[in-house]
Amino acid sequence: MTAAAPPQSSPSWRKGIIAYLMVAPPLLLMILLIFIPALQSTARTLTIDVNGEPGFSISRYTAFFQDPISVSNLFFTFQVTLITLAAIFILCFPLAIYLRFATGKLAGAVQVLALFPLFVPGIILAYALIRFLGTRGTLDNVLSIVGFTGYRTPYLKPDAIIFGLVWESIPFTVLVLTAGLRQISDSLIESARDVGANSWQIFWRIILPQIARPVLIVFSLNFLGIFGSYTIPYLLGPAAPQMMGVFMQQTFGQYRRPDDAETQAVITFIICAFIGFLYVRTVATQRKREESE
Amino acid sequence: MSAQQLAVPPPPIDGFWSGTRRSFQTMIRRNGFGLIALVLLALVILGPLYSVVLWAFAERWQYPSLIPQVFGLSFWERTFARADIAEALPFSIVLAATVTLISAVICLPASYAFARMKFRGRQLLLLSFLATNAFPRFGLYISIAVIFFRLNLIGTLPGVILIQLVNTLLLMIWIPTAAFQGVDRSLEEAALDVGASPLRVFVQITLPMVMPALSAALLLTFVNTFYEAQGALVVGLPRIVTMPVLMYSLINSQLIVQYGAIVSLVLWAPSLILLILAQRLLRGGYLTAGFGV
Amino acid sequence: MAILDLVRLDKHFGSVAAVSDVAFTVSDGEFMCILGPSGCGKSTLLRMIAGFETPTGGDIRIDGDSIVALGANRRPTAMVFQKYTLWPHMKVFDNIGFGLQLRRLPRAEIKRKVEESLALVSLSGYEERYPAQLSGGQQQRVALARALVLEPKILLLDEPFSSLDAILRVRLREELHRIQRRLNITAIFVTHDQEEALTLADRIAVMNSGRIEQIAAPADIYANPASLFVADFIGAMNLLEGEASGRQVRLGAVALPTPDGIAARQVTVAIRPEDLVVLDGPHPEAWSCAVEQISDLGHYRRAVLEVPQLPPMKIYLPKSLSVQERAALHVYPRRYLIYENGGAPREVSRPLPAAAAALLG
């Protein structure tokens with residue numbers, strides 16, 4: 001990217017100002033709608049009104065962590081996130097390896113199916129899963145026709161949330177992992193073998209370092225996506241415990257307690273801050289590497 | 001295999017890895033893995049959609065049966081006779097088009113600057129747009145909503161447009177930036193050389209060459225915005241009701257299953273366009289561009 | 001009729017001087033090659049003439065009028081670029097016709113001119129193809145046609161054949177030469193390939209570190225390189241450093257005579273391989289040396305000689321001379337140039353020694 005600019009465009013101050021003017025609108029929008037809300041919410045949740053003067057206080061947070069419902073919702077969100085992530089990796093790693101090495105019509109069909117959820121928006125998915133997984137839904141139907149009558153629906157249980165979130169995450173995860181695996185050429189593995197590396201060393205020294213970035217990107221984006229999800233847990237999950245997204249919307253929209261909703265939001269920010277940082281850093285280094293190539 | 005490796009007994013893990021590899025290869029060769037993956041994916045991915053499509057054309061579908069007992073279209077008329085649907089559908093289309101247009105107007109000049117101009121902090125500013133992905137999304141919406149609440153933007157059109165714009169930034173900047181960078185400068189110089197003015201060079205040379213990428217960015221932004229439900233839900237209700245937001249209530253509080261199925265099917269049309277163009281979108285890497293990958 | 005004048009042209013990028021103090025005139029219909037190693041500023045010089053770079057000093061004049069203030073799109077120059085720079089979304093016809101359409105020529109006229117120029121580059125009938133359907137050589141011909149169709153006063157070529165394979169490069173070079181002669185167009189051709197420059201040019205300007213080292217006809221440059229850089233860069237040359245004293249310079253076992261007026265003690269003697277003659281016996285002004293390596297180049301052979309106390313020397317041997325590797329030879333410099341630091345060379349050319357009448361070279 002930087003190499004593209006030939007030396008003749010010497011950065012004069014006028015050109016610089018025009019460039020800044022051109023990038024300003026989206027940048028301002030992002031600052032106003034992401035950085036300022038996030039920072040302001042953080043600041044507001046840490047202040048309290050003391051005789052008309054703002055003072056520092058963590059009372060909103062102590063209130064959150066003393067409320068058993070809030071704590072159980074947070075714990076539940078963690079649980080769902082981690083189980084969903086594990087399920088995504090267990091399903092998508094073999095799929096990605098298969099798609100990396102396999103060729104032919106069967107592999108093509110598998111790829112089409114694995115990527116299909118990209119083209120199903122979350123709200124339609126939620127409806128479809130209710131019809132599919134719910135009592136007397138399609139799955140129940142099929143099973144009863146086969147003769148299995150003991151179907152217990154996961155609908156309105158945590159399992160349905162996990163099912164829906166995994167469903168949504170498969171295509172992106174498979175795409176990124178497969179692309180990462182394709183970067184490793186067969187000759188790279190063969191030449192490592194040629195200089196005497198055993199399979200374990202090849203895995204650790206050749207394959208893993210090359211796929212580390214895709215794995216990190218998939219992990220962090222899925223983590224953030226699941227932790228900040230709303231539609232699937234709201235429509236498919238139980239009334240209690242709730243995931244944080246549902247909890248926040250209820251606090252804000254139904255109970256009309258924006259201050260408490262804000263505290264809940266900031267708690268999700270703090271928990272996700274490290275993951276978000278990991279995501280940005282991974283993408284940034286990946287881009288830098290691609291540019292230098 | 002080197003002699004050294006034959007002489008030294010391999011570590012136990014070596015057997016594991018080469019074993020796994022071999023078993024993967026045999027699986028692939030025998031297509032066992034592919035077949036299992038295909039069947040499972042077909043069941044899990046297509047099953048839910050199967051239910052939706054059949055429900056949309058069902059007059060009566062009683063458990064247990066694999067297909068509806070009576071097919072018919074009478075529910076279609078009733079669905080579109082509903083005032084809320086008849087109002088929300090055109091509104092959603094106009095809203096998505098508006099957001100896409102605004103996004104293009106503010107982002108395209110910025111992406112040109114990022115691609116073609118030199119200024120301090122260019123790389124950092126470009127990467128800063130990753131921040132739109134680095135937050136747990138719903139927490140961020142709540143945080144924005146709290147500010148909008150104080151600014152009286154809740155339930156207003158500008159509020160909804162603003163919150164939906166945030167989601168479009170990364171895609172609308174990164175795809176065009178990469179496209180502008182991909183245009184070889186000497187192609188533009190060659191046009192200048194035969195006497196074209198800089199404006200004409202941009203219109204007749206640069207623009208046609210970045211057009212595929214720009215159309216992809218516009219299309220993806222439109223479709224993503226059209227399906228965006230969560231931001232519109234938090235900020236839009238009660239006065240602004242987009243089609244996806246209406247889906248929440250159709251799913252949650254409607255006894256007639258067909259409404260949800262028919263609306264889902266109709267709502268799916270924009271995704272169908274993406275699906276038709278999927279190969280081209282995938283090849284250009286546009287489908288994952290919204291994640292910064 | 002087009003004469004190009006470069007007047008004390010300078011181009012600095014920050015503190016780096018890419019082109020400094022370049023001045024020469026290209027006369028009407030002349031084919032001028034700018035030759036130099038990569039990074040010598042030759043492309044920058046060409047891009048200044050085309051209008052893609054603004055000079056930091058000096059002037060560029062075509063037929064006496066300064067064009068520095070004109071943008072690239074208003075200059076009467078046309079350029080053929082190094083890479084294939086056909087617009088991929090336009091057919092060959094539109095690629096060539098684009099400039100004419102901008103000039104609002106009537107359709108029939110455009111059609112006629114495009115056809116003419118395609119015929120000129122032997123690509124008649126390719127109008128409806130897209131660039132991606134053409135080979136590299138064809139693309140470069142279309143690029144040439146695109147430049148020529150505008151009937152520019154000056155044709156600029158920036159290493160146009162460097163991305164083609166060797167055989168194609170030679171063929172296109174000959175074709176370009178033929179077209180340039182036929183149209184009698186003033187052309188400036190930038191290259192780092194001396195063979196290309198020597199075969200094409202009426203005159204060559206050799207550039208190094210942003211400066212012109214020498215401007216002369218190819219034969220002249222070859223025979224009388226004006227500086228050590230040119231001597232080394234153009235053709236094969238044996239460069240021997242030695243100390244001059246009392247009208248002599250000692251090079252290994254041999255003391256060569258020097259002309260009057262050599263003031264410096266440290267000089268460099270440049271001898272073309274073809275100016276080294278093989279004698280049939282020892283001679284005080286001939287080096288006795290051993291053949292280190294012989295390569296057969298078809299109609300002649302090239303040998304590398306191992307000379308005591310001197311770097312290896314190159315020499316051409318006729319096929320008639322049967323010499324094996326490790327054989328002993330006596331070589332005598334018939335003509336050489338003596339370079340003092342920075343100055344113009346002094347030529348020494350002398351007859352063959354009478355004593356060694358039976359020559360083998």
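Every number here is computed from the coordinates shown, using simple stated rules; none is lab data. Being a predicted model, the structure only gives us computed values, none of them experimental. Neighbour counts are summed over all protein chains in view; Cβ atoms, including those assigned to glycine, are modelled from backbone coordinates with ideal geometry.
With the cut-off at 32 Å, tell me which of the pairs C:Lys83/C:Lys153; C:Lys42/C:Lys153; A:Lys105/C:Lys83; A:Lys15/C:Lys42; B:Lys118/C:Lys113; C:Lys11/C:Lys91 have Cα atoms farther apart than that.
Checking Cα-Cα distances, A:Lys105/C:Lys83; B:Lys118/C:Lys113; C:Lys11/C:Lys91 exceed 32 Å.
Test of understanding: what is the full-extension gain from A:Arg205 to A:Ser292, defined as 0.36 nm times their sequence separation minus their Cα-Cα distance?
Full extension of this stretch gives 29.2 nm more.
Rounded to the nearest 20 debye, what is the charge dipole size of chain B about its Cα centre when +1 sits on each Lys and Arg Cβ and -1 on each Asp and Glu Cβ?
Approximately 520 debye in magnitude.
Estimate the FRET efficiency between A:Phe75 and B:Val203 by the formula 1/(1 + (r/R0)^6), using the beta-carbon distance for r and 56 Å for R0, to the nearest 0.05.
Given R0 = 56 Å and the Cβ-Cβ separation, E is 0.45.
With r as the distance between the Cβ atoms of A:Ser59 and B:Leu66 and R0 = 60 Å, compute the FRET efficiency 1/(1 + (r/R0)^6) and round to 0.05.
0.55
Could you tell me how many degrees, from 0 to 90 and to the nearest 10, lie between the Cα long axis of helix C:136-148 and the main elongation axis, the longest principal axis, of the Cα atoms of chain C?
So the helix axis and the longest Cα principal axis differ by about 70 degrees.
Please list, ordered by chain and number, the residues whose modelled amide H lies under 5 Å from the amide H of C:Phe189; skip anything fewer than 5 residues away on the same chain.
C:Met32, C:Cys33, C:Ile34, C:Leu157
To the nearest 20 debye, what charge dipole does the protein assembly as shown have about its Cα centre, counting +1 at the Cβ of each Lys and Arg and -1 at the Cβ of each Asp and Glu?
So the dipole magnitude of the protein assembly as shown works out to roughly 1640 debye.
Once amide H atoms are placed 1.01 Å from N in the peptide plane, what residues at a sequence separation of 5 or more from A:Thr47, or on another chain, have their amide H within under 5 Å of its amide H?
A:Ser57
Cα extents of the protein assembly as shown along the three principal axes, largest first, in whole Å?
120, 78, 70
Given a Förster distance of 35 Å, report the FRET efficiency between C:Arg103 and B:Thr98 from their Cβ-Cβ distance, rounded to the nearest 0.05.
0.25
Return the whole-Å distance between the Cα centroid of the stretch C:211-282 and the Cα centroid of the stretch B:268-293.
One Cα centre to the other: 68 Å.
Helix C:107-120 versus the longest principal axis of chain C: what angle, 0 to 90°, nearest 10, using Cα atoms?
Taking Cα atoms only, the helix is inclined about 20 degrees.
Work out the mean other chain Cβ neighbour count within 10 Å for the residues of C:147-154 and drop it here as an integer.
1
Counting only complete DSSP H runs, which helices of chain B cover 30 Å or more along their long axis at the Cα atoms and score a mean Kyte-Doolittle of 0.0 or above?
The answer, listed by residue number, is B:83-116, B:157-182.
Work out the charge dipole of the protein assembly as shown with +1 on the Cβ of Lys and Arg and -1 on the Cβ of Asp and Glu about the Cα centre, then indicate which of A:Phe64, A:Thr268, B:Tyr50 is farthest towards its positive end.
B:Tyr50
Between helix C:92-102 and chain C, what is the angle of the helix's C-alpha long axis to the longest principal axis, kept within 0 to 90° and rounded to the nearest 10?
70 degrees
Residues of the stretch B:100-131 with backbone nitrogen within less than 18 Å of a virtual label 7 Å along the Cα-to-Cβ line of A:Ala24, please, listed as ranges.
B:105-114, B:117-122, B:125-126
Distance between Cα centroids, the stretch A:174-220 to the stretch C:286-323: provide it in whole Å.
Centre-to-centre (Cα) distance: 53 Å.
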